[in-house]
Amino acid sequence: MKLDNPMTGLELTAVLPSLRTERGQRYHDLLLQWKPSFAAIDVPLDIVTEDAGDLMMQDPEVLYMEDRTVMEKLGGLQRKNVFGKETTTVRASLYLVLDTEVAARAGRINESSLVRLWRKAFDIQTRAAGRLMAEQLPDL
């Protein structure tokens, strides 16, 4: 999974259950509320969900994916044993992905986890900007 952020390759990736459910909609709405805050520090939002392909409410600035391989790689799938039968469900979670590695993870999607991930993203972005500026200094 190669990402497209030009400065650091940092992106906020959310793994969500079906957006047709109330729970999925609630998480989706919270993420869209926080999208401008992450965009202000140049961190785009990706949403990986079970039913991204046929939804009409998608935000054109958000990358929506329907990819169980990405969910599996990030650890967004949860296996449960229900009445003796194993099932796999999507665990709603957030990931700061730096290039191809997970830089930070939040197992819950709520205001406090978004604040924590925003701070981590801000730290990564400011360090990258500092390195970029240092490279531009003339040699003395």
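The values are calculated or read from the model by the stated rules, or taken from the named source; none is laboratory data. Only a predicted model underlies this, so the values are computations on that prediction, with no experimental measurement involved. A quick note on method: Cβ atoms are made from the backbone with ideal geometry, for glycine too, and the neighbour counts reach across all protein chains shown.
Miscellaneous remarks
- Within region 32-44, tally of residues that are on the phi < 0 side of the Ramachandran plot, not in a helix (DSSP H, G or I) and not hydrophobic (A, V, I, L, M, F, W, C): 1
- Considering only residues in region 7-31 that are in a loop (DSSP other than H, G, I, E, B) and of a type in the set (S, T, N, Q), the one that is nearest to residue 103 (Cα to Cα) turns out to be 8.
- The residues listed here are 60, 17, 44, 36; of these, the one that is out of contact with any helix residue (DSSP H, G or I) (no Cβ under 6 Å at 6 or more places or on another chain) and more than 23 Å from residue 125 (Cα to Cα) is 60.
- A single entry from 96, 114 fulfils the requirement of being modelled with pLDDT of 90 or more, part of a strand (DSSP E or B) and surrounded by 13 or more Cβ atoms within 10 Å (Cβ to Cβ): 96.
- Flag for residue 88 being at pLDDT 80 or above and surrounded by fewer than 18 Cβ atoms within 10 Å (Cβ to Cβ): no
- Condition met for residue 86 (acidic (Asp, Glu), out of contact with any Gly (no Cβ under 9 Å at 6 or more places or on another chain), in a strand (DSSP E or B) and free of Cβ contacts under 8 Å to residues at least 40 places away in the same chain): yes
- Set 47, 109, 124: member being in contact with a His (Cβ under 8 Å, 6 or more places away or on another chain), at negative phi and either part of a loop (DSSP other than H, G, I, E, B) or surrounded by 14 or more Cβ atoms within 10 Å (Cβ to Cβ) (or both): 47
- Answer residue from region 18-36, given it is of a type in the set (D, E, K, R) and closer than 17 Å to residue 46 by Cβ and is modelled with the highest pLDDT among those: 35
- Any hit, region 51-65, residues being within 11 Å of residue 14 (Cα to Cα) and of a type in the set (S, T, N, Q): no
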